[in-house]
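Take a look at the structure below.
The values are calculated or read from the model by the stated rules, or taken from the named source; none is laboratory data. Just so you know, these numbers come straight off a predicted model, no measurement behind them. Cβ coordinates were reconstructed from backbone atoms using ideal geometry, including for glycine residues, and neighbour counts include every protein chain displayed.
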Amino acid sequence: MDYLEFFDLKEDPFRLTPDLDFIYPSKSHNEALSSFNYMVEQKEGFFMCIGDPGTGKTTLLNTFLKTEKWKDRAGIALVLTPRLSPEEFLLTVLEDLNVKVKNTNKNEIIRAFRDFLIENSMIGRRIIIIVDEAQNLPDETLEELRLLSNLETEKEKLLQIVLIGQPELRGRLLSDNLKQLNQRITVRATLMPLTMNETSDYINYRLAKAGKGTVIFEEKAKKLIYRLSKGIPRLINLISSRAMMAAYLDMSRYVRKRHVMYAVKHVSDSFIKTTRRIVTFPRIIVYSIMVCLIAATLIVMNRVKEQETISLSNEHKASSIERRAPDTENTTYNAQRTTHNAVVAVDAANVRAKPSLNSEKIESVSKETALEIIDEFTETTGMKWYKVKMPDGKEGWIADKTVKIEQQSNRPVEQ
Ligand SMILES: Nc1ncnc2c1ncn2[C@@H]1O[C@H](COP(=O)(O)OP(=O)(O)OP(=O)(O)O)[C@@H](O)[C@H]1O
Ligand SMILES: [Mg+2]
């Protein structure tokens, strides 16, 4: 028994073909379709429809093309491979519209096209150029489209242009050299991903269209499909069909959450390929972010190193609690220096090799001994240590709690 038989379905409910029977009228799809029809009805010059990959732009276009209303009332040039130079683009359009040109001289082409547009306008037939994947149109071809849209009579536009593409198209039209075209786009629509409720409806809708059968997607499974697909129909199809396959292998008529998980694991390659188009940033941005991250890491590492150097190995520097005049002034005199002494406040205090109670004891110093402070360090526990020079010149670390601090001022010394 095969998969469809097992679920008692007539056909695959989630196949990725633009089958009009399977078109689910989501809110966003309906709104975009209304805008499309309105634009043609009102003879608006430009319509732009934007949507992320897989949200149903081409599906929307197919729905429009099948609209009975325009079948005999419009001539449509459909450009599906828009990486064309202005001349190639024009010739493709004319060929699609069945306009004969005697030679390929650009002026000649435009003249023939204008005549064709006027003839059609006189019989009330609309001429529409529709470009799918319009984000791939070169700038010069977009500019050519703007020039074509200038073809109009005193009363009305002779040509209507529809651009369908991914969000980067909108970004491109904001650039300085395309803003004139952008200003002419009077009708716009955006295809949004499905909501959670729509995703659930969409799955049921497509199952019903495929013959309903006996398969049941559990609520939790649908929620997971929504989370993973973010409501993008192409991804919903991909995950749902694999999840059904997993349920079939399990001999289960219920598609459960675990089947969806299994599906995602096993579609990961194609899933990643499809989603990559949604989340991919231009390489330059990725590289810039990487460079910034590396630079930030280096700066932080440097800071940490500096901190460690200041705290732990200050042997060649003056004491951190000794304030110096700027170097420039230092060349003429030593500024007033304030040094601090640690005077032992307990009967006997230990001086250690390192600022830690676990460190080796170097010496025991008696009460009232004055020690010159040359550095200080605070442990993460909050315990503070002073690095001190003892009267015999030896250096070591003494705990803050065993000493009291006294300040000593030295007068400037002229050089
Ligand atoms: N409204 C819808 N009803 C039913 N199926 C849909 C709908 N929208 C999209 N789909 C399904 O999702 C698939 C992808 O849709 P479509 O090819 O239209 O997306 P697209 O936005 O044109 O993507 P791309 O940017 O990659 O060209 C279709 O094959 C179809 O199966
Ligand atoms: Mg498409």
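Among the residues of the range 185-220, which ones are among the small types (Gly, Ala, Ser) and more than 30 Å from Asn150 (Cα to Cα)?
Those that are among the small types (Gly, Ala, Ser) and more than 30 Å from Asn150 (Cα to Cα): Ser200, Ala208, Ala210, Gly211, Gly213.
Give the residue, chosen from Leu137, Leu169, Leu148, that is away from ligand 1 (no atom under 16 Å from the Cβ), touching a strand residue (DSSP E or B) at 6+ places or on another chain (Cβ under 9 Å) and in contact (Cβ under 8 Å) with a residue 12 or more places away in the chain.
Checking each option against the conditions leaves just Leu148.
Go through Phe6, Phe22 for me and flag whichever is away from ligand 2 (no atom under 16 Å from the Cβ) and touching a residue at least 40 places away in the same chain (Cβ under 8 Å).
Within the list Phe6, Phe22, the selection yields Phe6.
Which condition number does Asp52 fail, the rest of (1) on the phi < 0 side of the Ramachandran plot; (2) among the charged types (D, E, K, R); (3) away from ligand 1 (no atom under 13 Å from the Cβ) being met?
Looking at each condition in turn, Asp52 falls short on (3).
Can you name the number of the only condition in (1) within 16 Å of ligand 2 (Cβ to nearest atom); (2) touching a Ser or Thr at 6+ places or on another chain (Cβ under 7 Å); (3) not hydrophobic (A, V, I, L, M, F, W, C) that Gly45 fails?
Of everything listed in (1) within 16 Å of ligand 2 (Cβ to nearest atom); (2) touching a Ser or Thr at 6+ places or on another chain (Cβ under 7 Å); (3) not hydrophobic (A, V, I, L, M, F, W, C), Gly45 misses just condition (1).
Can you tell me which residues in the range 21-39 are more than 13 Å from Ala189 (Cβ to Cβ) and either charged (D, E, K, R) or more than 6 Å from ligand 1 (Cβ to nearest atom) (or both)?
Hits for the range 21-39 are Asp21, Pro25.
When you scan the range 82-93, do you find a residue that is surrounded by 14 or more Cβ atoms within 10 Å (Cβ to Cβ) and within 16 Å of ligand 1 (Cβ to nearest atom), even just one?
yes
So for the range 119-129 (the condition being assigned by TED's automatic domain parsing to the domain that holds Leu173, within 35 Å of the chain's Cα centre (by Cα) and touching a residue at least 24 places away in the same chain (Cβ under 8 Å)), does at least one residue qualify?
yes
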